[in-house]
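For reference, the structure is listed below as structure tokens.
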Protein chains: 2
Amino acid sequence: MSAVLEPDLTWTGAGFEPRVQIAIDDAGRIDDVGSLGRPEASRLNRIALLPGFVNAHSHAFQRGLRGYGERFPAGTGSFWTWREAMYSLVGSLDRTTLRRLSTRAFTEMRDAGITAVGEFHYVHHERQGDFALDEAVLEAARDAGIRLVVLYCYYATSAPGRSLDGAQLRFATTSVDGFWQRIDRLSPMLDPATQSMGAAPHSIRAASPEDIRAIHQEAVRRGLPMHLHVEEQRREIEECRAAYGRTPMAVVLDAVEDGAFTAVHCTHTANEDMARFLAAGGVGCLCPLTEGNLGDGVPHLARLHAAGGRLALGTDSNARLSMLEDMRWLEYGQRLRGELRGALPDSEGAVAPTLLAAATTGGARALNLRAGRIAPGWWADFAAVDLAAPSLADVPADRLLDALVFGAGNEVIAGTYVGGKWRATMGTMTP
Amino acid sequence: MSAVLEPDLTWTGAGFEPRVQIAIDDAGRIDDVGSLGRPEASRLNRIALLPGFVNAHSHAFQRGLRGYGERFPAGTGSFWTWREAMYSLVGSLDRTTLRRLSTRAFTEMRDAGITAVGEFHYVHHERQGDFALDEAVLEAARDAGIRLVVLYCYYATSAPGRSLDGAQLRFATTSVDGFWQRIDRLSPMLDPATQSMGAAPHSIRAASPEDIRAIHQEAVRRGLPMHLHVEEQRREIEECRAAYGRTPMAVVLDAVEDGAFTAVHCTHTANEDMARFLAAGGVGCLCPLTEGNLGDGVPHLARLHAAGGRLALGTDSNARLSMLEDMRWLEYGQRLRGELRGALPDSEGAVAPTLLAAATTGGARALNLRAGRIAPGWWADFAAVDLAAPSLADVPADRLLDALVFGAGNEVIAGTYVGGKWRATMGTMTP
């Protein structure tokens, strides 16, 4: 299965370069990159290769809400009324449905240039206590050929001190020990070439500080990443202050003794908490399309950005799957918030590289993956851009990244490689 | 050229319906719609037809900035520093370039489901006083086969009482009389089946209240729509207050004696001005992708929405051409601003019909076009949606509009009809 690719243009980190060959080994890793002069190289005409996008936060099953949850007969809705619709979907899931919906979501991700996904997986039970739905996620990722990090979810309470109820019973983990036993049971089923795991206490609503502390300690010992939802909604902060006298971010940082983790959303995180989180090595995962859909609000990202390399992107509810759209709206949210342009520039003042980094290296950091770069030793995961696409016409190579991030969408993704294996984007049919 | 079409599903205004036939006459208008039982009908398999999207505000030549204007070596930018980059492009235009860039923009619009465009055209001169660039816009629209309303721009000053300078000299109109003479010169060159005109005093910076009054009177007499940029940036409001002691919206409303017009942006329009504008019959044209890109800010749309049918959408700078993306971000801006969901519901609580109306009937109202509906007497302008697209899989007909608006993008647009003439979307190539 080893191969050598030579696209018209290759993203090498500093820019798009011509005449670069990429040698891929039998294991699906990049062997060598550069002017290799390998005559057997496959020429990829009119194609630019980027590192495949890394989606650091997904709930694949929520693809089942596509077209739902957008009507408000009782008046204005909220995150919390949307959650009722989502819980109703949860109630209807069985193993077959979960696998089918997840495969749909993962396949759409590949069409959007995404080659790796952190699946924040909390719907464990088909029947009480059975954990039958866990394997469906592995199967779906294999069906779609996407690289998967199962962010295995710990979910014990509906709010601090309150037991689970209704659809939430499908999320239940009984104890921290039981949680690690489930992970140990699932681990041998992973495809070692494309699948790995992380630990994910759902949120401060679902896990106590003590449990978060214990999970973090064991995750560190095992070398696994830890992810949590943090401060997406103001109500979460109010409830946490009432229960613990501190913000969710402060509670988690106290619990993990200023260890590093990935915090998803951080929509309403206070500056002093963010500073402490970043000093601890944290990564912030933003989900602009979902946060817009759910009306969460726009965070102020100046500190997170200034820390360098700490931004990741997630597609979260998968209401819309387009990483290029998510990339530009990460910046546009800041522009609209501050009434300015160029909110997230790199050291040379360019914004697009920041947004690409969030969609590649930032996500890879959050998921502990050797992905997001086209460099020897990294996975051969690429997004192939169609240079003949009308939205990229007349754009020179040194402006291609800007044009992609600000001016293009899924329609320019010709296909993706995961571990060196090609999959073409589903074509649009003409009648 | 008459034809009868029978797609799988047809948007009839209330919903998507099966087994509807659409008869189109030789002139490119819809003759009849319904269960016509015409055996010669062309079946459009796996296609849903929507009214083609109406783009109420475009500057097509700005497609030449694709990939540019997104680097900020001198620190944070603004609308005004972006305008310098745009003026530099203006300086480089000749008739051939303007036609080529405009054709690119109009063709990309068709790929995004847009069948009619209001081209707010202000770059008139190749050489001083020649108006050589006006015809290029007509030619480009003909090349792309898009329905065109030339919103012919009046541009006399750079700010109240200040003469034009630099690139702005290319915009110059000498007098209101001269402006109408140019329109009279251009009118015979229009294709009557697909091209019409409107009057567009650029903004309160570029036109005096007296000139706006005179242009509005003559536009009303001729039955032409009038458009202006209004209150996109706070600086415009400050400068206008300094010059006239009132907001731009108030100055324009006073000038036109509370006549109707289309105001583009209204980002910072005060509630009392908006109430008066709406009472006068005005339409507000929002441009979410451009307003995000330029960091204009998010307007509060409650009044504009409550007035019913007064929202239109424009792609403005054409940095990104996707009407579906613009539709959802119109709602998402309101959700993020208010931290709620369902900001722009219709009378039954559904948001997607409001957003579709902005992209169809609202734009048609702003441009004075018989477009935006699939009904007898209207133009046969349609967007054809690929029902086999992965992003629409599993979505039933009664949820299709929600799924399109919130969950899909250009990749589902199989092609468009303008005046009954089909054009397939450019396909994505596989290597």
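The numbers here are math on the coordinates, done by the rules we state, and not lab data. The structure displayed is predicted, hence computed values, not measured ones. Neighbour counts run over all protein chains shown; Cβ positions are idealised from the backbone, glycine included.
The table below lists the values:
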{"read-out": "Per-pair calculated FRET efficiency, R0 = 30 Å: A:SER347 and B:GLN128 via Cβ, rounded to 0.05", "value": "0.10"}
{"read-out": "Dipole of the protein assembly as shown, positive direction: furthest Cα of A:PHE277, A:SER347, B:HIS300, with charges on the beta-carbon", "value": "A:SER347"}
{"read-out": "Normalised contact order of region A:34-117, rounded percent, pairs of Cα under 8 Å and 6 or more residues apart", "value": "55 percent"}
{"read-out": "Selected from B:PRO160, B:PRO201, B:PRO288 as most flexible by GNM, with chain B as the system and alpha-carbon contacts under 10 Å", "value": "B:PRO160"}
{"read-out": "Efficiency of FRET from Cβ geometry, A:VAL220 and B:ARG43, R₀ 60 Å, rounded to 0.05", "value": "0.45"}
{"read-out": "Gyration tensor verdict on region B:57-145 (Cα atoms; rounded if a/c is under 1.5, prolate if a/b is larger than b/c, oblate otherwise)", "value": "oblate"}
{"read-out": "Of all DSSP beta bridges in chain B, antiparallel share, percent nearest 5", "value": "40 percent"}
{"read-out": "Copies compared at A:GLY13 - label distances in nm, ascending, label defined 7 Å from Cα in the Cβ direction", "value": "6.1"}
{"read-out": "Dipole magnitude of the protein assembly as shown about its Cα centre (Cβ charges: Lys, Arg +1; Asp, Glu -1), debye to nearest 20", "value": "160 debye"}
{"read-out": "Equivalent ellipsoid semi-axes - Cα gyration tensor, the protein assembly as shown, angstrom", "value": "45, 29, 28"}
{"read-out": "Cα-based Rg of chain A normalised by 2.2 N^0.38 Å, two decimals", "value": "0.95"}
{"read-out": "For B:TRP80, inter-copy label distances in nm, listed shortest first [label point 7 Å out on the Cα-Cβ vector]", "value": "4.4"}
{"read-out": "For region B:53-367, with +1 on Lys and Arg beta carbons and -1 on Asp and Glu, the positive-most of B:PHE179, B:ILE204, B:PHE72 along the dipole", "value": "B:PHE72"}
{"read-out": "Lys/Arg +1, Asp/Glu -1 at C-beta; region B:1-68 dipole; positive extreme among B:GLY34, B:ALA56, B:ASN45", "value": "B:ALA56"}
{"read-out": "Shortest-first nm distances, A:GLY377 label point to equivalent points in other copies (7 Å, Cα→Cβ)", "value": "7.2"}
{"read-out": "DSSP loop GluC sites (Glu not before Pro) with at most 14 other Cβ within 10 Å: longest gap in chain B", "value": "B:41-256"}
{"read-out": "Normalised convex hull volume, region B:291-373, alpha-carbon set, Å³ per residue", "value": "98 Å³"}
{"read-out": "Relative contact order [Cα under 8 Å, 6+ residues apart], region B:53-367, whole percent", "value": "19 percent"}
{"read-out": "Euclidean distance between Cα centres, region B:196-233 to region A:165-219, Å", "value": "62 Å"}
{"read-out": "Point-to-point label distance, A:LEU36-B:SER2, nm (Cα→Cβ direction, 7 Å offset)", "value": "6.3 nm"}
{"read-out": "Cα-centred dipole magnitude for chain A, charges only on beta-carbon of K, R (+1) and D, E (-1), debye, nearest 20", "value": "360 debye"}
{"read-out": "Neighbouring partner chain Cβ atoms per residue of A:419-426, average, 10 Å criterion", "value": "2"}
{"read-out": "B:SER92, A:SER175, A:SER322 arranged by Cβ crowding within 10 Å, fewest neighbours leading", "value": "B:SER92, A:SER175, A:SER322"}
{"read-out": "Calculated FRET value between A:ALA306 and B:SER88, using beta carbons and R₀ = 22 Å, to 0.05", "value": "0.10"}
